[in-house]
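For reference, the structure discussed in these notes is given below.
The values are calculated or read from the model by the stated rules, or taken from the named source; none is laboratory data. These numbers come from a predicted model, not from an experiment. For neighbour counting, all protein chains shown are included, and Cβ atoms are generated from backbone atoms with ideal geometry for every residue, glycine included. The accessibility values were calculated without ligands, DNA or RNA, using every heavy atom of the protein model including side chains. Shrake-Rupley method; radii C 1.70, N 1.55, O 1.52, S 1.80 Å.
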Amino acid sequence: MAYLAAGVIQLFYAGMFLLSKIAFDGGMNSFIFVFYRQAAASIFLFPFALFFGWKSAPPLTFSTFCKIFLLSFVGITMSLNICGIGLVYTSATLAAASANSLPVITFILAVLLRVETVKMRAYSGVAKMTGILICMGGVAVLAFYKGPDFHVFSHNGGILHIRAPHTKPAPQSIIIWIKGCFFMLLSNTFWALWLILQGRVLKSYPSKLHFTTLQCLLSAFQSFFIAIAVERDPREWRLGWNVRLLAVAYCGIAVTGVCYYLQAFVIEKKGPVFLSMSTPLSLIITIICSALFLGQAVSLGSLVGGLLLVAGLYCVLWGKRREHCPNVEAINDEKEGPSHCDLKQVCVDINMHDEMLK
């Protein structure tokens, strides 16, 4: 079930990139989209938070509320709005590829904030630094090298033949593409900072469901003021029964609501490292769906950069995994005592020695 849930999570994220890109290419303002998405998520989560132990939730002090407000602004409002700008400038494939840099960016910020440590003389530290360098190379390839395009299935809009009446042309300028990559990287940086700081806030407010609901609600208010400052034309705020409403409902309910529960389930069963290792699945699904349903070309730069990001991700995860096995590091460094397996063998030898003495 954990493997299936991890696959479903990445499938939902791939759908988020695709539907968001379709809505933006159809003329929807990205800031308005973020507001509607957070509003839908708040409406979806509020009944669950209300019926599942709202009275038993810990007291919300003014200091904790301010922390959650700032955390929502940095990790959700800013991250989603900046990601929307980057998605307008680039493609769904690049958005899915850049998501693989999130664990690496999180690790870099954790080291700068002294939450994580790097042992440069150990294999784990070397693997982490190697992964960071490979990830930086992948980001550089995504930003500065586009390469030839590969039309896998169709040149006419794919199976769905999606062509909105106000479709914006695909960005051809390398400057616009670089800006989009920068915004994607900046969005992941805000998201990584949210992942690190929310642990401290959860210590004072440990109710995860109410914590998430409150963040979505505050982010909806914040996104509304940003959107109304950017776009005041009432016609741009209309949804209608079209792909805009589908994208808003999908991202608000499926991604924010369902994925939250599935992520908690996977982390509980297999741990956060296992969930991080499933991240490249969203890139593969997005590439296939973009080519199959939208007829979008896949550039060589996106493929190479995505592969480098995946390789850097696994290097960092391997280093983290090895760091959580101090027995191996102790044997290699010859600085610590015997490993768990050695201790077990020592106990067996002692028992055999006692039997011989008897």
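At a glance:
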| read-out | value |
| --- | --- |
| Interchain or long-range residues, amide H under 5 Å from residue 299's placed H | 150 |
| Using a Förster distance of 56 Å, the FRET efficiency for residue 46-residue 121 (Cβ separation, nearest 0.05) | 0.65 |
| For a label point 7 Å along the Cα-to-beta-carbon line of residue 249, residues of segment 12-52 with backbone N under 16 Å | 16, 19-20, 23, 36-45 |
| Probe 1.4 Å, accessible area per residue of segment 30-150, Å² | 48 |
| DSSP-loop chymotrypsin sites (Phe, Trp or Tyr not before Pro) across segment 19-92, with at most 16 other Cβ within 10 angstrom | 52, 54 |
| FRET E, pair residue 130, residue 265, Förster distance 30 Å, beta-carbon r, rounded to 0.05 | 0.40 |
